[in-house]
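The values are calculated or read from the model by the stated rules, or taken from the named source; none is laboratory data. As the structure is a computational prediction, the values presented were derived from the model and not from experiment. Here the Cβ positions follow ideal geometry from the backbone for every residue, glycine too, while neighbour counts run over all protein chains shown.
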Amino acid sequence: MPALTDGADAREVEYRYPDFLCVGAQKAGTTWLDRNLRRHPALWLPPMKELQYFNHVHMPSNRKWTTRQRRERGTQMLRNYVEKRSPEEWDLRRIARLADISAGPVSDDWYGRIFTLAEPEQLCGEVTPDYATLPDEGIRHVLRLSPEMRIILSLRDPIERSWSHIRMISEARGISEVAEMETMAANVDQVRRADYPAMIANWRRFIPQDRLHIIFMDDIASDPARVLKSVCGFLGVRFREKKFAKADNAIHVGKPREIPPRVLAVLKTRLRPIYDRLAEIYPEIAARWAERHY
């Protein structure tokens, strides 16, 4: 349990760390999960999805963009909060935490202060897809702060996941040349982000199997309520069907765009070993995914 500050009531904890994390995978329904878990009264998630804390600390190449993302999103949230309320309605603790998100400095204390906004009886957690590929020391860091941490990992057909990622980057940067997309498809980062067997093995070396919950994008699309029921059961909270009335709503659906054949050829070559290794863990869904492309 988090320690109370001197003279504080039960709500005013000095630091608190999450009870659960959704660590990815990127482009595999994590925003959908974040939106829905926020609707459950027994759960609390930070004002901003993707705090990017552990990857900021343990993956130095991320720091330039993680700092920019927190500053820009946090500042916008703070501005919206202040502008939409009269000063009499301001929650100064929330304003302080939003300012923390925007300005840092990033540290365990910084991270722990953010979660003090949760009610004592709520479970708290966050969603940051980049945590899926944390190095060993990053996972150890997670468990130093929260020894009983529960981890959720959402998986998507590796080629579809990679194409969604490439398409997102291409649209953001105004890239239309297939040759540039081929280069992105061949990047080692695409393999790393789709290497689900490696992600699962890395996390299972540090946490018991019953604290790692795997969900699949296919199930989110076909039966979202069942996925949310499984997540609630994993977290130990009651499934509240009425709170998930919008579970069928898709999030961040881009315009359909077929994978250029040359890009698909690169992805098929680069990612084939992942399908083969995934079949050893989840043979049914791995076979279903592989049949789409091979």
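Brief remarks follow.
- Within region 199-220, considering residues that are part of a helix (DSSP H, G or I) and touching a residue at least 12 places away in the same chain (Cβ under 8 Å), the one nearest to Pro147 (Cα to Cα): Arg211
- Check on Ser230, among the hydroxyl-bearing types (Ser, Thr, Tyr), in a helix (DSSP H, G or I), within 21 Å of Cys124 (Cα to Cα) and within 18 Å of the chain's Cα centre (by Cα): yes
- Taken over region 41-80, residues that are out of contact with any Leu (no Cβ under 9 Å at 6 or more places or on another chain), touching a residue at least 60 places away in the same chain (Cβ under 8 Å) and aromatic (Phe, Trp, Tyr) amount to 1.
- Residue match in region 270-279 (condition: at pLDDT 95 or above and in contact with a Cys (Cβ under 8 Å, 6 or more places away or on another chain)): no
- Note on region 157-179: residues that are among the hydroxyl-bearing types (Ser, Thr, Tyr) and without any contact (Cβ under 8 Å) to a residue 60 or more places away in the chain total 2.
- Candidates Ile95, Ile101, filtered to the one that is touching a Lys or Arg at 6+ places or on another chain (Cβ under 7 Å) and under 17 Å from Thr116 (Cα atoms): Ile101
- All positions within region 215-235 that are surrounded by fewer than 17 Cβ atoms within 10 Å (Cβ to Cβ) and of a type in the set (A, V, I, L, M, F, W, C): Ala221, Ala225
- Check on Arg238, surrounded by fewer than 16 Cβ atoms within 10 Å (Cβ to Cβ) and farther than 24 Å from Ile152 by Cα: no
- Residue ID - modelled with the lowest pLDDT, chosen from residues in region 79-131 that are among the acidic types (Asp, Glu), in a helix (DSSP H, G or I) and surrounded by 14 or more Cβ atoms within 10 Å (Cβ to Cβ): Asp100
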